[in-house]
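Notes for the one structure printed next.
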Amino acid sequence: MTRGLARGLAALGLVVPTVALAAPKDPSGVWLTEDGRARIRIEKCLTRNDRVCGYVVWLKTPLNDKGEARVDFKNTDPKKRTRPSLGHQLIMGLKPNAEDRYEGQIYNSEDGKNYDVSIWVDEPGELSVRGCLLGFLCGSQTWTRTTDILPGQLTGPTNGPGGPRPDAEWTPKPPPAPKPATTASPGTPATAKKDEPAKP
């Protein structure tokens, strides 16, 4: 291909530039779901900086009919059925894909199941969310960015006081306890060799 032809095709938009795909726009922030029932905080995962996780930080109806805090009673994991709905993790480490979106799994407490999901930002104040069950039963929502704080909203750091709680697989592991230092016997230099009497 001659330079002149290449320039002509480029002018017509027929040549695809050989550049790396741009990273998806950062979806970090607090978002109000389309139905207005919850606010979701999205941020880099604590254990994987290349992925994003999301947590419920506010509920429009945080109490059940008995006046008690709502719990995740439909979860398929029996160990999670008593955890509070407020503060639980629902976006599970989404990773960038070739379409400049984040994709992975989202948890739906309405039925206790995980779904395939992709999220992306086209407009600064809007988050597009597309979830699919079995790969073809799909639905889309638009979440709205929020900057105010409502009563009952969790504002503390994730996995810290007053903040949401990541699932176990997304929680940083505590550092191993330091090994106790070995001590020499009283009156014996630490450098003394076995069966060698201590020097006065």
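The values are calculated or read from the model by the stated rules, or taken from the named source; none is laboratory data. Just so it is clear, the structure is predicted and the values come from calculations on it, not from any experiment. Neighbour counts are summed over all protein chains in view; Cβ atoms, including those assigned to glycine, are modelled from backbone coordinates with ideal geometry. Each accessible area value is taken on the protein alone, full model and side chains, heavy atoms only, with ligands, DNA and RNA left out. Shrake-Rupley method; radii C 1.70, N 1.55, O 1.52, S 1.80 Å.
Distances between placed amide hydrogens fall under 5 Å for Lys113 paired with Asn108, all partners being 5 or more residues away or on another chain. Each residue of region 157-174 was assigned a 3J(HN,Hα) from its phi angle through the Karplus curve 6.51 cos²θ - 1.76 cosθ + 1.60 (θ = phi - 60°); the sequence is x, 4, 6, x, x, x, x, x, 10, x, 5, 4, 6, 10, 9, x, 7, x Hz, with glycine and proline shown as x. Taken about its Cα centre, region 23-123 carries a charge dipole of about 580 debye when Lys and Arg each add +1 at the Cβ and Asp and Glu each add -1 at the Cβ. With the highest mean first, a sort of the peptides 28-36, 54-62 on other beta-carbon atoms found within 10 angstrom per residue produces 54-62, 28-36. Whole-Hz Karplus values for region 124-132 come out as x, x, 10, 10, 8, 10, 10, x, 9 Hz, taken residue by residue from phi with 6.51 cos²θ - 1.76 cosθ + 1.60 and θ = phi - 60°; glycine and proline positions read x.
With contacts taken as Cα pairs under 8 Å and at least 6 residues apart, region 96-141 reaches a relative contact order of 25 percent. What is region 20-147 by shape, rounded, prolate or oblate, if you read a ≥ b ≥ c off the alpha carbon gyration tensor as root eigenvalues and call it rounded for a/c under 1.5, prolate for a/b larger than b/c, and oblate otherwise? Taking the square roots of the gyration eigenvalues as a ≥ b ≥ c, region 20-147 is prolate. In sequence order, region 65-73 has phi-based couplings of 5, 8, x, 9, 4, 5, 10, 7, 6 Hz under the Karplus curve 6.51 cos²θ - 1.76 cosθ + 1.60, θ = phi - 60°, and Gly or Pro positions carry x. Accessible surface for region 39-93, divided over its residues, is 54 Å² per residue with a 1.4 Å probe. Taking the Cβ of Ser28 as the center, what net charge do the other residues with Cβ under 11 Å away carry, scoring Lys and Arg +1 and Asp and Glu -1? Summing Lys/Arg as +1 and Asp/Glu as -1 gives +2.
Here the contact order of region 22-73, divided by its residue count and restricted to Cα pairs under 8 Å and six or more residues apart, works out to 25 percent.
If you take every residue apart from Gly104 with its C-beta less than 14 Å away from the C-beta of Gly104, what net charge results, scoring Lys and Arg +1 and Asp and Glu -1? The partial results should precede the final answer.
Numbers: positive: Lys44, Arg48, Arg51, Lys95, Arg101, Arg130; negative: Asp50, Glu99, Glu103, Asp116, Asp167, Glu169.
Counting the neighbours of Gly104, the net charge comes to 0.
Taking amide H as placed 1.01 Å from N in the peptide plane, Ala38 has its amide H under 5 Å from the amide H of Thr33, Lys60, each at least 5 places away in sequence or on another chain. Other residues with beta-carbon under 14 Å from the beta-carbon of Leu46 carry, at +1 per Lys or Arg and -1 per Asp or Glu, a net charge of +2.
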